[in-house]
Amino acid sequence: MNDVEEALRRTFARAETRIPATPPDLLRQVTVGQTRRGRRGLVLATAMATCLAIWAASGVTWWASEQRPATAAKPTPYVHEPRIVKEIAPPLEQVLPSVIAEVPRKVPNGEAFTPKLFIDSRTVLGYVSKKGYDPAPELWAYRLKSQTFRRLAVIDQPIAPVDSPAVGEGVIAWFKYVNRDIHIMTIPVIGGTPRTVVSFPAERDVDKVNGDTIYGVDLAVGDGRIFWSSTKSGGVNQVPVAGGEPSSVPGTKGLRLFSWPWAGRPADGPAAMTNLLDLSTGERLKDPARARCDVTWCLTGDRATRRDGSRVLDLPGDSPRSLVADRFVTMTQVDEQGRKASAIFDLATSRVGRLWIRNDREASPTLYTDTEMLYFERGDRWAVIHDPDR
């Protein structure tokens, strides 16, 4: 035995005397009951043994071969390969003309009109306001059949609260913030003088340096009542449309209104909710794992699945971003020649239509998405995509 071998033998012998004996049932202890408290002593003993073995080996490294240890291979980063389609879809108006409505971008007096939702399948509700702070914005309606505008009301507060109006039971509802209170207002859908239905203190985060943060409410109208939930703490409350004593809706702590009659818990992703509760019937929906869901449909990777699992659709595109009106999926298409397009897949008909071809040299139009519709500028008009059956 040479000097190096003898040094190695003595070093490992000394280390061996310091290593605790291995429990006879080590394998069972490691593989069963990972969260038990008794595991701490075993982990500590095993860690000590490992450290001693490493120390023993490192103590004689300089005696051994000068060969450097092999460098571990770096993991290959994941690169997403886009789906390739044989052909880019034809224009959406050719595939599904009934889901696109054209709305002028200006009312008759020349001021800009912004669409927000549909009062009914043929009437678009929107607002007119100056850019920035407008102390007197206006609500307008546009009738698709007659192609005419109608001014519904002048609002005595800035436009921000009107960004999320609600319609139902013959009224349009919104909220305004006055003297630290939230006022829920309504007008008839044909227009009229705004009236306060109920008021209550707004939720705030006090900041004496930068100014307080004021939280608004989400709104819905149905079953003869107006519902609202705080955008901060959630919880659904209600009051009769005609006015009266407000009350909380049982079983809605932490929930926020989503799309009438549903409320749920906000999740990651646009317009995504979990733990959905039907405020009319009390029905609760289960949440599929690892999915972004509306009421009926969910998105999982490049597939759309009905919440109950009864149907699965492979999306004819890539990178689905939004699920709007529980029907429309926005996505990208790439063909074999490398052309890219923004497209809409309709879950109700399993048909896909193109919005526009993407050009790296030019900016694409901005696609605005809301819970119930999408819209973008097309010349002097808005192209509004919606479900005409809702």
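The values are calculated or read from the model by the stated rules, or taken from the named source; none is laboratory data. Because the structure is a prediction, the values reported are computed rather than measured. Cβ coordinates were reconstructed from backbone atoms using ideal geometry, including for glycine residues, and neighbour counts include every protein chain displayed. Protein only, heavy atoms only, side chains kept; ligands, DNA and RNA dropped before computing areas. Shrake-Rupley method; radii C 1.70, N 1.55, O 1.52, S 1.80 Å.
Points worth noting:
- Region 333-377, residues that are out of contact with any Lys or Arg (no Cβ under 9 Å at 6 or more places or on another chain) and part of a strand (DSSP E or B): R351, V352, G353, R354, L355, W356, Y368, L374, Y375, F376
- Residues being in contact with an Asp or Glu (Cβ under 9 Å, 6 or more places away or on another chain) and modelled with pLDDT of 95 or more - total across region 169-185: 1
- Test: residue in region 324-343 that is in contact (Cβ under 8 Å) with a residue 12 or more places away in the chain, exposed (fewer than 13 other Cβ atoms within 10 Å of the Cβ) and farther than 29 Å from T114 by Cβ: yes
- Qualifying residue in region 276-297 (condition: in contact with a Cys (Cβ under 6 Å, 6 or more places away or on another chain) and in a strand (DSSP E or B)): no
- Qualifying residue in region 266-274 (condition: in contact with a Leu (Cβ under 9 Å, 6 or more places away or on another chain), at pLDDT 95 or above and either open to solvent by 60 Å² or more (accessible area, probe 1.4 Å) or of a type outside the set (F, W, Y) (or both)): no
- Selection over region 357-390 of residues that are buried (at least 18 other Cβ atoms within 10 Å of the Cβ), at pLDDT 95 or above and among the acidic types (D, E) gives a count of 1.
- Residue in region 140-151 that is in contact with a helix residue (DSSP H, G or I) (Cβ under 8 Å, 6 or more places away or on another chain) and buried (at least 18 other Cβ atoms within 10 Å of the Cβ) present: no
- Only one entry in R321, R354 is within 21 Å of the chain's Cα centre (by Cα), within 28 Å of T123 (Cα to Cα) and open to solvent by 30 Å² or more (accessible area, probe 1.4 Å), namely R321.
- Every residue from region 331-366 that is among the aromatic types (F, W, Y) and within 19 Å of D302 (Cα to Cα): F345
- Taken as a whole, region 107-120 holds at least one residue that is farther than 19 Å from D380 by Cα and open to solvent by 40 Å² or more (accessible area, probe 1.4 Å).
- Scan region 238-259 for residues that are in a strand (DSSP E or B), open to solvent by less than 50 Å² (accessible area, probe 1.4 Å) and not hydroxyl-bearing (S, T, Y) and the total you get is 4.
- Within region 205-222, considering residues that are assigned to a strand (DSSP E or B) and exposed (fewer than 13 other Cβ atoms within 10 Å of the Cβ), the one modelled with the highest pLDDT: D205
- Residue within region 125-147 that is within 28 Å of the chain's Cα centre (by Cα) and at pLDDT 95 or above present: yes
- Taking region 346-390 as the range and being touching a residue at least 24 places away in the same chain (Cβ under 8 Å) and either among the aromatic types (F, W, Y) or in contact with a Gly (Cβ under 9 Å, 6 or more places away or on another chain) (or both) as the test, the residues that pass are D346, V352, Y375, W382.
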